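The values are calculated or read from the model by the stated rules, or taken from the named source; none is laboratory data. None of the values given here were measured: they were computed from a predicted structure. Cβ placement follows ideal geometry from the backbone for every residue including glycine, while neighbour counts extend to all protein chains displayed.
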Amino acid sequence: MNAPTTFDGGMIGRPTPRIDGRLKVTGTACYPSDFPLEDTAYAYLVTSAIARGRIKAIHLEEAQQVEGVLDILTYENTKGKVRKVRAFSGGGYTSTTIMPMDSPKVWHDGQIVAVVVAETYEAAREAAHKVHVEYDERKPKPGFDKRRPQPRQISNPLSSSDPQTGDAETAFQHADVKVEAYYTTPTQHHNPIELFTTTCTWSGDQLTIYEPSQFVHGLKNGVAKQLNMNPEKVRVISPFVGGAFGSKAALTPRTAFVALAAKRLNRPVKLVPTRSQSFDVSTYRAETQHLVKLGADRNGRLTSLHHEGWEVSSRPDNYKVAGTETTSLLYACPNIYTKVHIVHADRNTPGFMRSPAEVPYVYALESAMDELATALGMDPVELRRINDTMVNPIDQKPYSSRALMACYDRAAEAFGWSKRNPEPGSMHDGDWLIGWGCATACYPTNVAPAQARVTLAPNGRARVQTAGHDIGTGAYTAIALTAADRLGVPLENVNVELGDSSLPPAPVAGGSNATASICNAVAMACDEIRERLAQGAVHADGQLAGADPGDLRLSQGKLVAPDGKSEPLKEAIMRLGFGPVEAHAKYTPEIASAPVKLMGHKLIEGGISAMTSGSSVKDHVQYAFGAEFVEVRIHKRTREIRVPRIVGAFAAGRIVSPTTARSQLLGGLIWGVASALHEATEIDERVARYVNDDLAEYLIPVCADIKDVEVIFVPEEDHQVNALGIKGLGELGNVGTNAAVANAVYHATGRRIRDLPIRIEDLL
Amino acid sequence: MRPFSYDRAHDLASAIRAASAQVEVQNRAPIQFLAGGTNLLDLMKIDVMRPERLVDINPLEDSLSEIVADGDGLRLGGLARMSTVAHHPDVEKNYPVLSQSLKLAASAQLRNMASLAGNVLQRTRCSYFRDVSWGACNKREPGSGCAAIGGVNRKHAVLGTSPHCIATYPGDFAQALIALDATVEITGPKGERRIPVHELHRLPGDTPHIENTLAAGEIITAFQIPRKAWAKRSLYLKVRDRESYEFAVASAAVALDLADGVVRDVRIALGGVATIPWRAVAAEEVLKGKPLTEDIARSAAEAAFEPARTHGENDFKPELGRNTLVRALLDAAKLEA
Ligand SMILES: Cc1cc2nc3c(=O)[nH]c(=O)nc-3n(C[C@H](O)[C@H](O)[C@H](O)COP(=O)(O)OP(=O)(O)OC[C@H]3O[C@@H](n4cnc5c(N)ncnc54)[C@H](O)[C@@H]3O)c2cc1C
Ligand code: SF4
């Protein structure tokens, strides 16, 4: 593993085991549903068994007989109690504009139709099973039409941002070499191990919500809007999150009902939905279809790129991920046409899932690139090299940095790519066919306004407070390293507090922006402390009297001048008054647009992320890159597909916390294998209902499926992206893997499988 | 889950007495025996099984979980845990198909809890059966229909199906027992009886809710495996979507008595493709007396899947099943006897 370049103190970039690791493995970490609250009552959801129609009647008599039942919420008693709020994807708060229990209408399978509250979980569950709902059922539309292409929607010029340049169709007609194919990706669910729990408790008019969240300020403000409350009366607590992957970013409908139930009973109410219910009460990655047409000259230079995508959304919401934003700027090409269409169906509204846009769209493009390499008789790595670009081909804006080919070269070498026989089906080991494939990974470097409060005590202990989130990513560690580095104190001296809406606001832990946004805010606060201590020191008559305050650094518990003169921290702090010195920093991204520069902190305080995307910066584009190589083995008779080896090389600017960053990329690569070979939510098309809604049936790899995984960091310095030079990488790892696996399957068998996941039956 | 009462059995007779008062067949009875509980409790939590009373037979562990291996064969107590049997040196050495089928099943934690009898009696993983919000499931609600026909049925059976149910029998161990011609020992209100393992499970026909031939109150006390020439040259091949902790998409238990490359005798049972642990008699007949070549193995596999009926998503299963059997037979032929 490469040690990225480091700052003075050298804590940023130091390999460090996650600082909350011990709490987690000893079970001491308090996840939101772990907080003990006296006199808690338990909620259990009743969810709809149809996807489209109306509730005719709800019979509660049998359920109410169950001993211990306290209350049952249905639309009859909650109607009008929850106000409609704009969806997150439209600049609001909620995952969906569907309002369950506001009317008898059923929009999708698994919609919440009743909430049973009882003295115990068991009683609530038993009673929930005894709630009988009668429906007026109508025939639902489950998703895509059977035909290809899907209907092309009439575009709405206001909402459309389909990047295009030149004349792709004509260039395609005249291209020397062409490929044209449809690709599909399936419905997928995040399935974080920690379920979608919510516990609400009221103290007078003050509501406290314990809920795993990727955005406590969003949750707080969203619930306040829904319940018509002053946001300052709502507090959200979520110090640890047991996996989220996007599913805990937006406010989902369940929360308000738990708050209502707690209010009605005047006692805390806890909800732990089942795994099966989790498929419907939160969001998911909708299935996608793609038409990709590539044209190239005989040397492999792209002359035409056409990428059209279709995505499923719910009836009322226009949710889409529109990854053409990324696939249109990946390679040099003079003629590009892209278009994204939404197909509405009787389904719950989809939402962000780890690399929402890149996973499906880059899969399609990178598969097509491999097909083009085959058509050209060219090595797939060389095809990427020939089409590498330092500018966005749509508008010629330069990349702030782009180390794609360095990643390819490092990964190819580690993988042993030069030993590959390009002939499909040519490599084997006994009865196992071997295939090697590769693909590009990329992810925009997004940054958002963030705030942090840092206090430094005379004894050298630091406290960092920000309403950021550690969703398992290692945020606690990255933030602590940043503070330790900037304050010149040992890591153990830094205490980080996250996941509480009473702390200074931070953006959603999504879009891989958190490390960049929050660490910059933390560094600013630390620098302010340094500045104040330095000003004090140079104007007092100590060791540092008369020094240039700008030259002083905090290091090893001292304030130090370049000539070696220093003053103990204690002295420097005490000089400023009693107790610790405190700074509250408000970081606004350098790349932010003028309105965000003006309003960004108002927005974030109101629970709106105001994130600037790496593809929409004014004068450049900023992305992290990677190259991924996989080996597949496929049994020649029974066609099981296994992945014994994965190598990924990544360039993502300054790596703040290499140990946890490596874990992110490792996990991403493994997830990529899951997504290529295992994960798919099956839908019964007759009724638009999810069928395999538990972890026994929704497959992900187990330990035995994953053998060697190597993560390589390619050093990269980029100070255009933000002051600290950080590019997010939480969602980078799983971007190229789908295509790399599919390309390897082609190499092993000569069979091009374009519909994911790839399973035994595809290769028989 | 619904409230239920719980008793611990003190001896075999009282356990049987406790359970025999009921009218229905054992797998639907209001009184259920509790062994490892890994299937029963699971189904109770999701409201699929709603017994009124559980009779915990774990206190009988001393008498019901012995493993005896001698010159005549092997006797495995019905309450013996999967993991204990899987790693028993005699089983590993002389009855490899048994050991392999157990090691390849479920997960280490489950194998530590689960009993052999419970394993053999485990119920289908059909998603429609396991979720009560689906109205149509003849196995759960007789006469309600079958949602899997015309629905999501990639994992469903192609052999032994009926228009009323196409659910796959999900286990692995029963196939291994059948391949070794094992018998099951049963004690019930009417005394003891023994039947071949391949007579324990019932085809769905028009009563898919009746899964086996156990009468109310009958307990499986042991499995008896004869020491035959084929036992040592036996194996279990399990083909699945991931490397571990997953049910078979197709599997084959094969026991081969081979002399100079010629099949003297053979027993085959298939998993993942049939509604019950499926003995492939037709395939055995093709092989007997023939040299075990790839072509003969293929013909045997063709014969095994000749009666297959597919339902859309599982159209691939006969081909996969054939390939699985061919691979298993050729691999078995390479074993030391
Ligand atoms: C996630 C998961 C994955 C799994 N994967 C596999 C797999 O790959 N392969 C595989 O084969 N299995 C698999 N299993 C199934 C597992 O092996 C069974 O659940 C287990 O073997 C059942 O044994 P038990 O002792 O726990 O049975 P229990 O749950 O206690 O009992 C099951 C049934 O048998 C009855 N019963 C139990 N003992 C007796 C007896 N002695 N006489 C009469 N009736 C009795 C009970 O009344 C009950 O109806 C898996 C299970 C899970 C949960
Ligand atoms: S296959 Fe059998 S178990 Fe599955 S739904 Fe049909 S009847 Fe029920």
field: Single match in B:SER101, B:SER83 (criterion: more than 9 Å from ligand 2 (Cβ to nearest atom), of a type in the set (S, T, N, Q), touching a residue at least 60 places away in the same chain (Cβ under 8 Å) and assigned to a helix (DSSP H, G or I))
entry: B:SER101
field: Every residue from region B:219-242 that is more than 30 Å from A:LEU763 (Cα to Cα) and of a type in the set (Asp, Glu)
entry: none
task: Identify the residue in region A:424-457 that is in the same structural domain as A:GLY725 (by TED's automatic domain parsing) and charged (D, E, K, R) and, among all such residues, is farthest from A:ASN387 (Cα to Cα).
output: A:ASP431
query: Could you count how many residues in region B:91-110 are of a type in the set (Ser, Thr, Tyr), within 12 Å of ligand 1 (Cβ to nearest atom) and crowded, with 16+ Cβ neighbours inside 10 Å?
result: 1
task: Find the residue count for region B:111-126, including only residues that are away from every other protein chain (no Cβ under 14 Å) and within 16 Å of ligand 2 (Cβ to nearest atom).
output: 1
query: Of (1) under 30 Å from B:SER107 (Cβ atoms); (2) within 11 Å of ligand 1 (Cβ to nearest atom); (3) surrounded by fewer than 21 Cβ atoms within 10 Å (Cβ to Cβ), B:ALA215 satisfies all except one. Which?
result: (1)
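Just checking, how many residues over region B:132-172 are within 15 Å of ligand 1 (Cβ to nearest atom) and among the acidic types (Asp, Glu)?
Of the residues in that region, 1 qualify.
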- prompt: Where residues in region A:742-764 are within 27 Å of the chain's Cα centre (by Cα) and away from chain B (no Cβ under 14 Å), which of them is surrounded by the fewest Cβ atoms within 10 Å (Cβ to Cβ)?
  reply: A:ARG754
field: Within region B:140-150, considering residues that are within 8 Å of ligand 2 (Cβ to nearest atom) and either modelled with pLDDT under 95 or within 19 Å of B:GLU313 (Cβ to Cβ) (or both), the one nearest to the other protein chains (Cβ to nearest Cβ)
entry: B:ALA147
- request: Could you list, in sequence order, all residues of region B:239-260 that are in a strand (DSSP E or B) and either within 16 Å of ligand 2 (Cβ to nearest atom) or among the charged types (D, E, K, R) (or both)?
  value: B:ASP257
- request: For region A:698-720, name all the residues that are farther than 22 Å from A:PRO757 by Cβ and of a type in the set (D, E, K, R).
  value: A:GLU710, A:GLU716, A:GLU717, A:ASP718
task: Consider A:GLY626 carefully, then state whether it is part of a helix (DSSP H, G or I), away from chain B (no Cβ under 14 Å), in contact with a helix residue (DSSP H, G or I) (Cβ under 8 Å, 6 or more places away or on another chain) and not hydroxyl-bearing (Ser, Thr, Tyr).
output: no
task: Look at A:GLY460 and say whether it is under 28 Å from A:GLN556 (Cβ atoms), crowded, with 24+ Cβ neighbours inside 10 Å, modelled with pLDDT of 95 or more and not assigned by TED's automatic domain parsing to the domain that holds A:ILE641.
output: no
message: Checking A:LYS707 against (1) surrounded by fewer than 21 Cβ atoms within 10 Å (Cβ to Cβ); (2) away from every other protein chain (no Cβ under 14 Å); (3) not in a loop (DSSP other than H, G, I, E, B): exactly one of these is not met. Which one?
response: (2)
message: Being part of a loop (DSSP other than H, G, I, E, B), at pLDDT below 95 and within 14 Å of chain B (Cβ to nearest Cβ) is the requirement here; does A:ALA696 meet it?
response: yes
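Give the residues of region B:218-234 that are more than 14 Å from the chain's Cα centre (by Cα) and either within 16 Å of ligand 1 (Cβ to nearest atom) or within 14 Å of another protein chain (Cβ to nearest Cβ) (or both), sorted by residue number. If you could, list the steps in order and put the result at the bottom.
Applying the first criterion (more than 14 Å from the chain's Cα centre (by Cα)) to region B:218-234 yields B:218-219, B:221-222, B:224-234.
Matches in region B:218-234: B:GLU218, B:ILE219, B:THR221, B:ALA222, B:GLN224.
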statement: A:ARG254: passes all of (1) closer than 21 Å to A:ALA87 by Cβ; (2) surrounded by fewer than 24 Cβ atoms within 10 Å (Cβ to Cβ); (3) within 20 Å of the chain's Cα centre (by Cα) but (3)
- request: Identify all residues within region B:111-124 that are part of a loop (DSSP other than H, G, I, E, B) and either among the basic types (Lys, Arg) or more than 15 Å from ligand 1 (Cβ to nearest atom) (or both); write none if there are none.
  value: B:ARG123
- line: When (1) in a strand (DSSP E or B); (2) closer than 26 Å to B:VAL152 by Cα are applied to B:ILE276, the one that fails is (1)
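Just checking: which of the helices (runs of 4 or more DSSP H) contained wholly in region A:120-239 hold 2 or more residues that are within 14 Å of another protein chain (Cβ to nearest Cβ)?
A:121-129
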field: Single residue of region B:238-283 satisfying the filter (acidic (Asp, Glu) and within 14 Å of another protein chain (Cβ to nearest Cβ)) that is surrounded by the fewest Cβ atoms within 10 Å (Cβ to Cβ)
entry: B:GLU243
query: Restricting region B:284-322 to residues that are buried (at least 22 other Cβ atoms within 10 Å of the Cβ) and within 11 Å of another protein chain (Cβ to nearest Cβ), which is nearest to the chain's Cα centre (by Cα)?
result: B:GLY321
field: Unique match (being more than 19 Å from the chain's Cα centre (by Cα) and either outside any helix (DSSP H, G or I) or more than 16 Å from B:GLY272 (Cβ to Cβ) (or both)) among B:SER144, B:SER127
entry: B:SER144
field: Top-ranked residue of region A:543-552 - restricted to ones that are buried (at least 18 other Cβ atoms within 10 Å of the Cβ) and in contact with a strand residue (DSSP E or B) (Cβ under 8 Å, 6 or more places away or on another chain), ranked as farthest from A:ALA457 (Cα to Cα)
entry: A:LEU544
- request: Within region A:113-141, track down each residue that is under 18 Å from A:ALA688 (Cα atoms) and surrounded by 23 or more Cβ atoms within 10 Å (Cβ to Cβ).
  value: A:VAL113, A:PRO140
